[in-house]
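One structure is given here, and the rest of the page talks about it.
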Amino acid sequence: MKKTTRIIPGHKNIALVAHDHYKPELLRWVKENKEALQGHFLFGTGTTGNMLSRETGLAIKSLLSGPMGGDQQLGALISEGKIDMMIFFWDPLNAVPHDPDVKALLRIATVWNVPVAMNRSSAKLMITSPNMTKELEIEIPDYEAYLAERL
């Protein structure tokens, strides 16, 4: 597939997601990085987003709960170029009923080349990167060229 680029702005749209057993871990991480997160637009799947907002006071746009369609909503935002990075503390030891949705979300984040942190150490690397507050050019699929070839 042909590629094009898009600019991730300095003021990023960040998705915050966690499976049930990892919500406390994400909450701890968000509290530790609250100051850095305040300068960005935050999104969360329903339960996680509401819990994080209530516990930290951060403004977080909450989507539906993951199993109720929030993973798909987030995937759609990624496809539309409206999410710049995702922090997703997923549970590698316990299957969740909506595992296919989780796999689809991670697949679409990979297709659109969105940076994803899946644990504390990768999230720390991302949030402390000098690129967190700078514009960053990334390659993405050239959807217009894709359509032109198919139509």
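The values are calculated or read from the model by the stated rules, or taken from the named source; none is laboratory data. In this text, all values refer to a predicted model and were calculated from it rather than measured experimentally. Reconstructed Cβ throughout: ideal geometry from the backbone, glycine too, with neighbour counts over all protein chains shown. Side chains included, ligands, DNA and RNA excluded: accessible areas come from the protein's heavy atoms. Shrake-Rupley method; radii C 1.70, N 1.55, O 1.52, S 1.80 Å.
When you scan segment 103-134, how many residues do you find that are among the hydrophobic types (A, V, I, L, M, F, W, C) and closer than 23 Å to His21 by Cβ?
11
Look through segment 43-91, keep the residues that are more than 12 Å from the chain's Cα centre (by Cα) and of a type in the set (Val, Ile, Thr), and return whichever of them is nearest to Lys12 (Cα to Cα).
Ile60
Name the helices (runs of 4 or more DSSP H) wholly within segment 42-151 that hold at least 2 residues that are hydrophobic (A, V, I, L, M, F, W, C) and open to solvent by 20 Å² or more (accessible area, probe 1.4 Å)?
Qualifying helices (runs of 4 or more DSSP H): 70-79, 99-111, 120-127, 143-150.
Are any of the residues in segment 8-31 of a type outside the set (Ser, Thr, Tyr), in a loop (DSSP other than H, G, I, E, B), more than 23 Å from Asn119 (Cβ to Cβ) and open to solvent by less than 40 Å² (accessible area, probe 1.4 Å)?
Yes; the residues of segment 8-31 include at least one that is of a type outside the set (Ser, Thr, Tyr), in a loop (DSSP other than H, G, I, E, B), more than 23 Å from Asn119 (Cβ to Cβ) and open to solvent by less than 40 Å² (accessible area, probe 1.4 Å).
Listed residues Thr56, Thr110; which is among the polar types (S, T, N, Q) and more than 24 Å from Thr133 (Cβ to Cβ)?
Thr110
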